[in-house]
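Read the figures in this text as sums done on the coordinates, not as results from a lab. None of the values given here were measured: they were computed from a predicted structure. Neighbour counts are summed over all protein chains in view; Cβ atoms, including those assigned to glycine, are modelled from backbone coordinates with ideal geometry.
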Amino acid sequence: MMKKTNLLLFLLLSAFCFAQLKTVKIDTLLTPEIGGIKQAIEIKTDNSAKPVLLFLSGGPGSSMMKSANSFTHLLKDKFTIVQWDQRDAGKTLELNPSPATPTVEMMGKDTYEVINFLRKQLKQEKIYLLGSSWGNALGFYMVRNHPELLHAYYAVNPVVSQLASEKELLSILKNHFKDDAVASKELASVHIPFTMDEDLFYLRKWLFYKDGKKNVTSEDFKKGFLQWSKTWSTAWGEVMKMDLPKTLKKVNCPIYFFVGKNDIQTSTPITKKYFEIVKAPKKGLFLFENSGHQIHKDEPEEFQKNIIKTLE
């Protein structure tokens with residue numbers, strides 16, 4: 001009888017310890033070596049057994065890390081939230097600059113390494129992946145090459161056919177600023193495909209001005225943008241060649257498109273057309289009536305609720 005009691009106590013204790021192990025809380029910033037440099041990965045969860053949701057920031061060169069709580073406070077109940085500062089962005093740039101000019105291929109491989117690091121660190125076979133704007137260049141790299149590692153992919157304001165999207169944007173801006181002599185002159189000088197950094201600068205300058213950002217007319221903004229271009233024009237040139245309706249007609253993991261009704265930076269009509277033709281095990285389209293290019297900022301609660309809805 002004593003042996004049975006001891007065995008029962010042992011089994012109960014083992015089960016308790018296993019349960020405690022599965023519900024580890026994590027709030028940490030790790031700096032593993034990814035792609036030959038140290039890269040910053042933030043993991044937050046109250047239960048490490050929850051599925052992983054990795055965010056791929058827009059930009060390129062931007063970080064979502066500091067503002068993440070504003071658009072993940074509902075998601076944290078369902079996911080282990082992971083933010084990653086890509087090479088030459090945020091905390092990763094503070095640690096070390098990229099020794100080579102970043103390219104989509106290079107950063108796609110970084111993404112693959114980050115996901116495998118998370119799978120090993122958190123003992124999970126697959127993750128959920130979310131790309132915002134530029135982040136979709138990396139997200140679709142994974143969807144194309146390693147769909148077996150993804151529970152699902154969330155394409156938020158994605159780059160789909162960016163050359164066509166930039167042409168649409170230029171037309172919209174020329175019409176909007178037709179009575180503004182300075183804007184009209186600068187927009188008239190833009191060549192698509194871009195032949196110089198100023199082409200993209202003038203396009204983004206007047207897009208941001210239309211959105212209410214008046215500081216874009218300053219010399220400091222121009223200087224900062226052209227400095228950004230020195231690092232990122234190569235990668236953005238690759239993005240301009242992306243044409244998913246022609247090159248990725250079928251994906252092998254569930255995919256969900258999140259688009260802002262008022263987004264003219266990555267064309268909403270182009271994304272909607274791609275959604276209609278792409279074949280996937282499961283797919284969905286979520287249209288955000290009150291959003292432009294930054295859904296997670298414009299409608300953070302609706303953004304999170306729709307992600308959670310896909311789990312159901």
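Annotations for the structure displayed:
- For the residues HIS151, HIS191, HIS296, a GNM of the chain with alpha-carbon springs under 10 Å puts the largest fluctuation on HIS191.
- Residue with peak Gaussian network fluctuation, the chain [Cα springs, cutoff 10 Å], from PHE275, PHE288, PHE177: PHE177
- Our analysis of segment 252-312 gives Rg over Rh at 0.97, with the two radii drawn from alpha carbon positions and Rh computed by the Kirkwood formula.
- Beta bridges per DSSP, both residues in the chain: antiparallel share near 35 percent.
- Exposed-loop-free span, longest in the chain, where trypsin sites (Lys or Arg not before Pro) count as exposed if DSSP calls them loop and at most 15 other C-beta atoms lie within 10 Å: 124-177
- Rounded to the nearest 10 degrees, the angle from helix 268-277 to the longest Cα principal axis of the chain is 50 degrees.
- Pairs exceeding 26 Å between alpha-carbon atoms, taken from LYS230/LYS261; LYS91/LYS214; LYS167/LYS249; LYS78/LYS283; LYS76/LYS283; LYS213/LYS246: LYS230/LYS261; LYS91/LYS214; LYS213/LYS246.
- Straight-distance candidates among the aspartates and glutamates for linking to LYS223, with alpha-carbon spacing under 19 Å and chain neighbours fewer than 8 residues away dropped: ASP88, GLU186, ASP197, GLU198, ASP199.
- Label corresponding to log10 I(q)/I(0) by the Debye sum over Cα atoms at q = 0.08, 0.09, 0.11 Å⁻¹ when calculated from the structure given, among (1) -0.39, -0.49, -0.70; (2) -0.35, -0.45, -0.69; (3) -0.43, -0.52, -0.72: (1)
- For segment 41-168, the convex hull spanned by the alpha carbon atoms encloses 114 Å³ per residue.
- Most fluctuating residue given options VAL182, VAL259, VAL278, as computed from a GNM of the chain linking Cα atoms under 10 Å: VAL182
- Helix 135-145 axis, angle to the chain major axis (alpha carbon atoms, nearest 10°): 60
- 0 to 90° range, to nearest 10: angle between helix 2-22 axis and the chain longest Cα axis: 10
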